[in-house]
Structure formats: structure tokens, C-alpha cells
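Here the structure is laid out as C-alpha cells; the discussion comes afterwards.
The values are calculated or read from the model by the stated rules, or taken from the named source; none is laboratory data. Small disclaimer: the values here were computed from a predicted structure and weren't measured. Note that each Cβ is placed from the backbone with ideal geometry, even for glycine, and that neighbours are counted across all protein chains shown.
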Amino acid sequence: MKNIVSPSILSADFANLERDIKRVKDAGAQWLHIDVMDGHFVPNITIGVPVVASIRKITDLFLDVHLMIENPKDYIEPFVKAGADIITFHYEAVEPESISELIEYIKSFNIKVGMSIKPKTSVEVLYPYLNELDMVLIMTVEPGFGGQKFMEDCAEKIIPLKSRGSEDLIIQVDGGINADTARICTSYGANSLVSGNYIYKADDLNSAVKSLF
């Protein structure tokens, strides 16, 4: 099975977003990673619901919406209505006693659900929820900005997840992913790769996407 390649539009040309989405689809990418940041949970502000709704109108790619925001539950329904196919929230943004409830709430909209952890968060916090989640997202950079250096010690969190999760669990990695770091992550058991600068700043975008399969 091919890895799921999910190019991050954070590195795309927003003046030519439809063109850049078509380019990664034509190169074989199956998903499109959409980073949503609120300027509070992470020190950056990106796109919101209207942009996701606009993207949905111009592509049939699977929309992989990563919420790096406070109070994620307040925004689940709007992003579902905008066209999200999977919504990933951060463990650090939700009170522990509310996590299972939030997972079930997202599932109630008949979409997939993921949970992510920042680099400094222990992988063990994910263990109680592996049977409830469709995907876990391991950040191999500090969330907030593209173009950061890959942290291999964070990628090592994949190993225990692979042994504990079901065969259907998607283990996604985001941060500093290129052909070399992708091989490290997949050797540990990752099967979904988010990449922004490596793809969109490449001289040959097609080759960049294909190098991650």
C-alpha cells in the first residue's frame, strides 16, 4: 500500500491556490492538508472555514483539516459543513476528561477523526484513545510555521504507536518531511506524510510528491 501523501497548502501560492491544488493531485497526492491556526494555540494565524469551503468546491481530494486552535469543539460543525473529510485536533487543546466526548462528537458527523501531539508531549497520552481514533498525528516540528527542521526524536514516537494501534490506524507525521525524513518515518511505521515546502518549493513538484510514496 502506498503512503498517504498529504501536501500542506500552507506552502502553496495562495494567489494560485486552485492551480497548486491541481498540481499535487496530478502528481498523485491523495489528501490535502489544511493547517488551521488561531494565533492563540500556536503563534500564527492561517485560514478558516470560508477557505476550506472554497477549496471543497474546486477539488475532490480528501480534505485533511488540522485544527491548531483553542476550543476545537466550537468549530467542528462549521468545518464539517465546509467539506472536511477528517478533522484532527490537538491533545493539548482539550481537557483530558473531554477528549473521548470530542472524538465521538466528530464521528457523529460521519467523518474521520484524528488527534495530534506537539513535540514536547509524551506519546503515552495517546494510548487510551487509539481504539477510538482513525488517525494520530505526530508533530516533528513545533506547530505554527512551515520550513522547520525535522526532529527525529519525535519521529521515534511512531514505534510504540505502531505496535499498539490497529492495522487500520493511520499514523501521520508532519514537520520537515522530505524524501530522506519520510523514509525514517515510514521505517518506524508511519503511513501518512504531510509535506509543505519540500513539495511546493521543489524544482520538480511531481518528483517531490512521488518520492514520498
Regarding the range 156-178, can at least one residue be identified that is among the polar types (S, T, N, Q), surrounded by fewer than 22 Cβ atoms within 10 Å (Cβ to Cβ) and in a helix (DSSP H, G or I)?
yes
For the range 35-56: of the residues being modelled with pLDDT under 95 and of a type in the set (S, T, N, Q), which is surrounded by the fewest Cβ atoms within 10 Å (Cβ to Cβ)?
Asn44
Filtering the range 104-133 down to residues that are among the hydroxyl-bearing types (Ser, Thr, Tyr) and closer than 17 Å to Ala155 by Cβ, which residue is surrounded by the most Cβ atoms within 10 Å (Cβ to Cβ)?
Ser116
Looking at the range 25-38, can you tell me whether even one residue there is polar (S, T, N, Q) and more than 28 Å from Arg183 (Cα to Cα)?
no
So which of Leu67, Leu63, Leu10 ends up being modelled with pLDDT under 95 and either of a type in the set (Asp, Glu) or buried (at least 21 other Cβ atoms within 10 Å of the Cβ) (or both)?
Leu10
Residue that is surrounded by the fewest Cβ atoms within 10 Å (Cβ to Cβ) [pool: residues in the range 190-200 that are modelled with pLDDT of 95 or more and either among the β-branched types (Val, Ile, Thr) or out of contact with any Leu (no Cβ under 7 Å at 6 or more places or on another chain) (or both)]:
Asn191
